[in-house]
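Have a look at the structure below before the remarks.
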Amino acid sequence: MRERYGPWLMLTPCFIVLFVVGIYPLGYSLWISLNAYHPTNPSFPQGFILFENYVTAFFDERARHALGVTALFTFSSVSLSLVLGMGIALLFNIRLPGVAIARALILIPMLVTPIAVGITWRIMYNPELGVINYLLRLVGLPGQGWLGSMNQALLSVIIVDVWQWTPFMFLILFAGVRSLPKSPFEAAAIDGAARWQTFLYVTLPMMRPVIVLAVLLRAVDSVRTFDQIFMMTRGGPNLVTDLASIYLHRVNFKFFDIGYGAALSWAFLILLLAAVIAFIRYTGFLRRATEAG
Amino acid sequence: MSTERAAHDFPIGLGGAPRSYVMRRTGATVLAASAILLVLTVFLFPYYWMVTSAFKAAGDVTAYPPIWLFEPTLENFRELFEDLGGLEALRNSLIVVGVSTCLALIIGSMAAYALARYDIKGKETIALEILLVRMLPPIVSVIPLFLLAKKFGLFDTYTILIAIYTLMGLPFVVWVMRVFTQEIPRSIEEAALIDGCTRLQVLFRITLPLMLPGLAATVVIVFMFAWNEYLFATMLTSSHAKTLPVVAAVTVKPRAISWGVSSAAGVLMSVPVIVLALLAQRYLVRGLTFGVIKD
Amino acid sequence: MAHSSMNGPRPRRPGVSRRAILKGMGGAAAAAAATPAFRARAGDKVNLNVLLTNIPWTDAILSTVAEAYNAHTGGRVTITGEQMPYESHYEKMVLELSSGSSTFDIVTSDTIWIRQIVNNNWVTGLEPMKAADPSLPDLNWGDFLDGPYLFSTFNDERWAIHATQSTPVFVYRKDLLEDAGIDPPPLWNWDQYRDAAAKLTKNGVSGAAMLLGGQDACMGDWMFRVMGYDPNPPGNDFLLNDDAEPIFNENNRGVRAIERMKEILDYCPQGVFNFDYPDGPPLMQEGKAALVVHWLDMWPGLDDPSISKHAGNFGYTISPTDNVSQHMVAGWGMFISAFSEHQREAYEFMAWMLEGKAYQLFREAGETTLIYKPDLVDPAVKAEIPLLEVYDDINDYKTTYTAFPPYKVTNAAEVQRLIYEEVIAAVVGEKSPETAMQTAEDRVVKALRG
């Protein structure tokens, strides 16, 4: 008897929390996404409208723009932090006194509260008063507009994201580097392979599963980035950093167009899921993960 | 474990040559050391800037040219604690995040154990659904949860935040602990069962101690997400249960951000996370990768 | 049928006549909300919870004002409150009030959101309350300027007391103007402003500054220019006429204002497209810009030598204008929540505030946007806060007050956003000012339809 009910008994608390705090809001938002709901404008049409919100979302120029910015942001940030993280992982995999401390210290950026990250970078980026332009001018370079420049604002917020999450990439990739077997490298050395050849044909292929995992985890989180960027630009200037998360916040909490906001959220979630599933299929990641797990 | 494992004799990628050869090339070592220092400088500078800003006087934070040497002042921390209720918020944060982290660990480990050990129909689906909850943008849950909290008198209480943060942490715990549980050989448990222990006794006396590294890996992640969470904390609390991120946000004033106080809040908030992360550093990778990658 | 049974003979309680009056005012929701006000019996200890933002006067409400009022009531009434960052304040306010929550007894609101909370019957008007219950204390409006109250007066009745009011002020560096040989005219126009900005741009100082990165701040920069072209009847706003048609670009004034912004871009600091309210004061304190026009409440620290490198060098006057001199007013109002269970106590608290003591405590807490008349004429106060000179100019130049932020609109936050997006697109040069204004009109009309 115990064997029969035991597992379910152990799952029950988890299910209770999931249902009360998770499934109810989920269901509510799904339902409300099929409604016109303007709690701040009672004179507006309200009530059940089936998929009208989703149709509106499909033709929403701002939503499409936000999606594009999000894609560009996520792609750039993830690939840059992947390259940097890989480089640092290889660099830090060296036998030197004190390198263990360096490996710990470099984790700090990912541990800082996102709001504080946004505030700090906003001070540093200030083109007139910030320390970054000060240092540039010190070495004779012209100060940049950073967050206040139409051309550089997106790059600037990407830099912050890369700064914050390269340590995450490093951490995972470093673990990957450490777990590689020795023999292929010995063989490559005996064959007289150049360093770049060893890296390209030995290291990288063996690291592939780790890289795939790191990219997947990072991308899913990067898509949802909000606090830092909201603190720095609020989506500006002229919408160049208007990420989906920021647009969603605006529709929900500035316009209080709750039904439409829910529909947009679900649309974004479905797109994200589709992207994740495609990525997983392509890399065969989940199969491996669940087999391992 | 990992950290005791020696570095590779063949530095992967940096060189395809035997170690003795590398060692002879002290030039390369010096180069690598300076590169490491450079990387550290770049990555730590913003944090250094935040910490020093926290100890600067009001006008000095935005002074131009930037001030490098200054007389440290505790004024920002005084304002944070005395005027903005930072101490109370710190206490609230510790209670809310502490309790929800423990709850998530207990509830999640039990579920993970069940999923890993028993033959449950559709357990992959269950696991995926648990993960899905985490991916939904939190913004859509705020309004329903606000209404729910109001209806049941949970608004501005620890309870509602604890419930939400427990939920936020669960997917991590379930996924990571599932992997950790599977690595514990069944034979140990079976032996205990034969000796007359009940399943629960086996879980608490045998398996749980073996799961400790896994718990260490997850605790940092669960703690970190709850500790930094702002949206729910600001919308679902008022004067009694507000947490540190809410106070940190209040330092961003519409007229002039109190940059110094904001930085002080940032420092105060980052310290517990950094300490926890450094304590559990060797388990961090597994936690962050849902248990898939072993360091 | 249901109606007749409701109106049928019933044992009447004193509340009924009050209800009849309120119904006559057409405020069914106000009536429903007014009833709980009398639930609390006199003598009970009462706590008033106030929704606030995070500026100096809100610090005072939670500390010195709360203490003073507690003493005034013999310990009966305590004041607590919650400070929200400006960005989250609106979300919190709407979420609370739209769900009929009684968390807050008193709600403070930026002027631009006033119609939202009034039209939705989320608040109970002060004068309507007094009309319904003559036993309430009188409200002493006499010590406050009438002009600014136009933004919280509807149907000739005042719905709020003001905590602060703000108006555009032109901040300039007296020393730099002198060095450049510019003799400041009594009332500037935007041509003179532009020319001075061009002349002052040198040695790492920008001639002028704008704050284009924030929705509200950027709208300010645009509106300060729009408001100077045509006279606006009092009580009207620049956004919509009585038929709810957009008029912000009437006589091409919206376009002209954008051009006025574009022509000084070259003299603005780098990063001007991301500057929001908090970035303005350090810019001026560090001497990085010479001229700026923005809301009066933004410049509290300029004359404080401990944080400002150029304290004492700043001059203040009213905003430049191309045609008529009229000044927008904005600020923060304090409202009684329709869902409060302590409306009477909240009313009494506000009546006490209008006696003046509270506003003096605001000043002592470092608030510079003062509205209490005895403060505004006190030479000691004016010496301490030179910013207030702007009120003398308003008198001297016979400037009239006008309303601009979308007061009349229920969904003001959305309408402001739509116009802001178009204005900024034109200022950065992505589209022509004409196209931008046309699009803005179309989008506003659409947003008003729902």
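The values are calculated or read from the model by the stated rules, or taken from the named source; none is laboratory data. This structure is a prediction, so every number in the text was calculated from the model and none was measured. Cβ sites come from the backbone with ideal geometry, for glycine too, and all protein chains shown count toward neighbours. Accessible surface is based on the protein model in full, side chains and every heavy atom, while ligands, DNA and RNA are left aside. Shrake-Rupley method; radii C 1.70, N 1.55, O 1.52, S 1.80 Å.
Scanning for something within 14 Å of chain A (Cβ to nearest Cβ), aliphatic (A, V, I, L, M), under 26 Å from residue A:129 (Cα atoms) and not in a loop (DSSP other than H, G, I, E, B), does segment C:262-275 turn up at least one residue?
Scanning segment C:262-275, I find at least one residue that is within 14 Å of chain A (Cβ to nearest Cβ), aliphatic (A, V, I, L, M), under 26 Å from residue A:129 (Cα atoms) and not in a loop (DSSP other than H, G, I, E, B), so the answer is yes.
What pairs come up if the first residue lies in segment B:51-75 and is under 14 Å from residue A:134 (Cβ atoms) and outside the structural domain of residue B:274 (by TED's automatic domain parsing), the second is basic (Lys, Arg) and open to solvent by 20 Å² or more (accessible area, probe 1.4 Å), and their beta carbons are under 8 Å apart, counting only those six or more places apart or on different chains?
Correct list of pairs: B:64/C:288.
Among the residues that make up segment C:397-415, is at least one of them aliphatic (A, V, I, L, M) and more than 21 Å from residue C:298 (Cβ to Cβ)?
Yes.
Being surrounded by fewer than 21 Cβ atoms within 10 Å (Cβ to Cβ), over 27 Å from residue A:236 (Cα atoms) and touching a helix residue (DSSP H, G or I) at 6+ places or on another chain (Cβ under 9 Å) narrows it down to one residue among A:44, A:92; which is it?
The unique qualifying residue is A:44.
Among the residues of segment C:141-159, is any in contact with a Ser or Thr (Cβ under 6 Å, 6 or more places away or on another chain), surrounded by 24 or more Cβ atoms within 10 Å (Cβ to Cβ) and within 14 Å of chain B (Cβ to nearest Cβ)?
No, there is no match, as no residue in segment C:141-159 is in contact with a Ser or Thr (Cβ under 6 Å, 6 or more places away or on another chain), surrounded by 24 or more Cβ atoms within 10 Å (Cβ to Cβ) and within 14 Å of chain B (Cβ to nearest Cβ).
Listed here are the residues, each with its yes/no results for (1) closer than 30 Å to residue B:203 by Cα; (2) out of contact with any Cys (no Cβ under 8 Å at 6 or more places or on another chain); (3) assigned to a helix (DSSP H, G or I); (4) within 14 Å of chain C (Cβ to nearest Cβ).
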| position | (1), (2), (3), (4) |
| --- | --- |
| B:68 | no, yes, no, no |
| B:72 | no, yes, no, no |
| B:78 | no, yes, yes, no |
| B:88 | no, yes, yes, yes |
| B:106 | yes, yes, yes, no |
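Can you tell me how many residues within segment C:38-78 are away from chain B (no Cβ under 11 Å), at pLDDT 90 or above and either within 16 Å of residue C:336 (Cα to Cα) or part of a strand (DSSP E or B) (or both)?
5
Could you list all residues from segment C:122-140 that are open to solvent by 40 Å² or more (accessible area, probe 1.4 Å) and either touching a strand residue (DSSP E or B) at 6+ places or on another chain (Cβ under 6 Å) or among the β-branched types (Val, Ile, Thr) (or both)?
C:127
If you check residue C:413 against the conditions, is it modelled with pLDDT under 90, closer than 30 Å to residue A:42 by Cα and buried (at least 19 other Cβ atoms within 10 Å of the Cβ)?
So residue C:413 passes the test.
Among the residues in segment C:257-268, are any touching a residue at least 40 places away in the same chain (Cβ under 8 Å), more than 21 Å from residue C:172 (Cα to Cα) and crowded, with 20+ Cβ neighbours inside 10 Å?
Yes.
How about segment C:175-193: which of its residues are of a type outside the set (A, V, I, L, M, F, W, C) and surrounded by fewer than 19 Cβ atoms within 10 Å (Cβ to Cβ)?
Of everything in segment C:175-193, those that are of a type outside the set (A, V, I, L, M, F, W, C) and surrounded by fewer than 19 Cβ atoms within 10 Å (Cβ to Cβ) turn out to be C:175, C:178, C:179, C:181, C:183, C:184, C:185, C:186, C:189, C:191, C:192.
Looking only at helices (runs of 4 or more DSSP H) that lie completely in segment A:136-244, which have at least 1 residues being within 14 Å of chain C (Cβ to nearest Cβ) and modelled with pLDDT of 90 or more?
Correct list: A:153-178, A:227-232.
Filter segment B:40-52 down to residues that are of a type in the set (Ser, Thr, Tyr) and more than 7 Å from chain A (Cβ to nearest Cβ) and give me whichever is least open to solvent (accessible area, probe 1.4 Å).
The qualifying residue least open to solvent (accessible area, probe 1.4 Å) is B:52.
Does segment B:205-227 hold any residues that are open to solvent by less than 20 Å² (accessible area, probe 1.4 Å) and either within 16 Å of residue A:111 (Cβ to Cβ) or not assigned by TED's automatic domain parsing to the domain that holds residue B:190 (or both), and which are they?
B:217, B:218, B:220, B:221, B:222, B:224, B:226, B:227
Inside segment A:95-107, can you point out the residues that are open to solvent by 20 Å² or more (accessible area, probe 1.4 Å) and outside any loop (DSSP other than H, G, I, E, B)?
Passing the criteria: A:100, A:101, A:103, A:105.
Being more than 9 Å from chain B (Cβ to nearest Cβ) and not in a helix (DSSP H, G or I), is that true of even one residue in segment A:117-130?
yes
If a residue has to be under 19 Å from residue C:304 (Cα atoms) and surrounded by fewer than 21 Cβ atoms within 10 Å (Cβ to Cβ) to count, how many in segment C:335-362 make the cut?
0
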